[in-house]
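Written below as structure tokens is the structure these notes are about.
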Amino acid sequence: MAVARSHDLRLCHAILRDTELINGEPELRTHREWDAAPVVEVAAVPAVPALFDWDGGIVTPGIPHGVDDALAEFARQRAAIDSSAEAGRLRLLCAAESAGALIAVELRAAGLPWDVEEHERLLVEQLGARPLAGGRPERMTQLADDIRDALGDPKANPDSPPQLLRSLHRVGLAVESTSRWELRELEHPVIEPLLTYKKLARLYSANGWAWLAEWVHDRRFRPVYVPAGVVTGRWASSGGGALQIPRMLRRAVRADPGWLFVTADVAQLEPRVLAAMAGDLALADAARGGDLYAGIVDAGAVGTRAEAKVALLGAMYGATTGDSGRLLPGLRRAYPRAMRLVDDAARTGERGGVVHTWLGRTAPPPGGRWHAVRAAAAEPDASRADVDRARRQAADRGRFTRNFVVQGTAAEWALAWLGDLRARLAAFPPVPESEPAAEASGVRFARVPHLAFFLHDELIVHTPAASAPKVAAAVQDAADAAARLLFGTFPLDFRLDVKIGETAEKE
DNA sequence: TGATTGTGCGCG
DNA sequence: AAAGCGCGCACAATCA
């Protein structure tokens, strides 16, 4: 039995409590019990939790569970939305947020199909034999020896940045840190084994045998998704590092026998969202060919695709120097509306003002310390340091609000995409008894196409092989529907890169 | 000793 | 190439 619609009282409370699109609403603000963050007792959650099995161990202390409390809060939230001049947007935002919350639970229940043997093969191939007790894997041990030899320092320790830095200085390498980008520029016999060591050390500690044992059970990776865990509305994750599955490991993501993956990611989501928000027809036009960056080059705003990318990222992140800063005037000439939108958001933030996303999620206002720093700089006897500090924090906040409006609206688009797709997938017929089922995905999903992973602008659907082409079409249809839902008839398409395969490899 | 902070690297 | 957004995680160093 699948839930068709939901309203997440806690997440919507947070949106409505903070939104700029409603003024006042003291009723909502006085009910602070809805502000409590959920505490999910992960350890108590069974490997394949049933969706609404409240014996399953998901505990959310601090939130009233009584039906009367819930209904009262629901009524407050509806009244708040209805009284807003932007009721349509807020209604949409709450619906999208709630659908996302439901999907986050379902994603964890279904899990991402994981090929443990392939993962282990990969570890042995890269790291060498698994250490028996506490030591480093074979290849890392060899590389550590090579590093010590090259440095002529039998005590050199590649795991400790400060120690390593001293060792590097002793052989005359004038670096300020031990980070990869700085080391890469140097010519010295230690560099190659050291960079290799760092790469392997990362794999070993982040996604090695210990990770596998902790996070992959029953051939499924089940991360904990945290909807709206980021201030912009993006999801965060807690445990398992779901936001950082390294590209290398993607071939360990393998569909069940008789099943396939449909993987899809949106090409240049944030620039497209910016074009739509700003109503910038020229930028929308650049996006029409599918490759937005190529479109910017064709329009003559910059010289190369690489420049287009760096310039646009710089515009959304608030770059001022370097290549990106140098390219901004060209962008400003070609796309004045889009640039004005992000520049305005930055100026508002610098002044201490508040900005909001397309659907009304509002950035947190600056805190007391921020105002104190600004006030100190405005005093007649303010020191040079006071003034510099205030200027720096204003610029920092400007970059944050500049990015907030775009990143946050992109997150809203992605929620609409997910929610629409969920409904489309629910309409697929279950596979017949004679066909293989995805048992590990749980009873809800074992026989139907289902979402298996989501990350900002990318999703993976696990589907019976026969349904894969129709699922791929549904994924694109959902993207089109999301675009219409947020931006109506604005002429901009959201191009997806859709792939059907047994693994989730990108290239 | 245990909690906090900093570094480095992975992801979008 | 390493500025310019948002994260999580592991590990070492540092502080209490």
Residue among A:E214, A:E187 that is under 21 Å from A:E117 (Cβ atoms) and of a type in the set (D, E):
A:E214
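Of A:A414, A:A481, A:A423, which residue is modelled with pLDDT of 95 or more, more than 21 Å from A:D256 (Cα to Cα) and within 16 Å of DNA strand C (Cβ to nearest atom)? Can you show your working first?
Working: A:A481 fails: within 16 Å of DNA strand C (Cβ to nearest atom); A:A423 fails: within 16 Å of DNA strand C (Cβ to nearest atom).
From the options A:A414, A:A481, A:A423, the qualifying one is A:A414.
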Within segment A:229-242, track down each residue that is open to solvent by less than 30 Å² (accessible area, probe 1.4 Å) and either of a type in the set (A, V, I, L, M) or at pLDDT below 95 (or both).
A:A236, A:G240, A:G241, A:A242
Kindly list the number of the only condition in (1) closer than 28 Å to A:A294 by Cβ; (2) within 16 Å of DNA strand B (Cβ to nearest atom); (3) not small (G, A, S) that fails for A:F400.
(1)
Unique residue being open to solvent by less than 10 Å² (accessible area, probe 1.4 Å), farther than 24 Å from A:G241 by Cβ, outside any helix (DSSP H, G or I) and not β-branched (V, I, T) when the list is A:F453, A:F404, A:F494, A:F428
A:F494
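Got at least one residue in segment A:250-260 being of a type in the set (A, V, I, L, M), closer than 23 Å to A:A410 by Cβ and either in contact with a strand residue (DSSP E or B) (Cβ under 6 Å, 6 or more places away or on another chain) or modelled with pLDDT of 95 or more (or both)?
No, that holds for no residue.
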Pick from A:L194, A:L200: which is hydrophobic (A, V, I, L, M, F, W, C), crowded, with 23+ Cβ neighbours inside 10 Å and within 14 Å of DNA strand B (Cβ to nearest atom)?
A:L194
If you go through segment A:195-216 one residue at a time, do you hit one that is within 13 Å of DNA strand C (Cβ to nearest atom), in a helix (DSSP H, G or I) and touching a strand residue (DSSP E or B) at 6+ places or on another chain (Cβ under 7 Å)?
yes
Pairing a residue in segment A:102-116 that is farther than 22 Å from A:M248 by Cα and of a type in the set (G, A, S) with any residue that is in a helix (DSSP H, G or I) and open to solvent by less than 10 Å² (accessible area, probe 1.4 Å), where Cβ atoms lie under 6 Å and the two sit 6 or more apart in sequence or on different chains, gives A:A110/A:S441
Go through segment A:314-325 and give me each residue that's within 6 Å of DNA strand C (Cβ to nearest atom) and under 21 Å from A:T348 (Cβ atoms).
A:G314, A:Y317, A:G318, A:A319, A:T320
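Conditions tested, residue by residue: (1) at pLDDT 90 or above; (2) within 26 Å of A:V231 (Cβ to Cβ); (3) surrounded by 20 or more Cβ atoms within 10 Å (Cβ to Cβ).
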site	(1), (2), (3)
A:E25	no, yes, no
A:R32	no, yes, no
A:L51	no, no, no
A:G56	no, no, no
A:G66	no, no, no
A:E73	yes, yes, yes
A:W114	yes, no, yes
A:A129	yes, no, no
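The values are calculated or read from the model by the stated rules, or taken from the named source; none is laboratory data. Keep in mind that this is a model prediction, so the values were computed, not measured. As a convention, Cβ positions derive from the backbone with ideal geometry for all residues, glycine included, and neighbour counts pool all protein chains shown. Side chains are part of the model used for accessible areas, which takes the heavy atoms of the whole protein and leaves out ligands, DNA and RNA. Shrake-Rupley method; radii C 1.70, N 1.55, O 1.52, S 1.80 Å.
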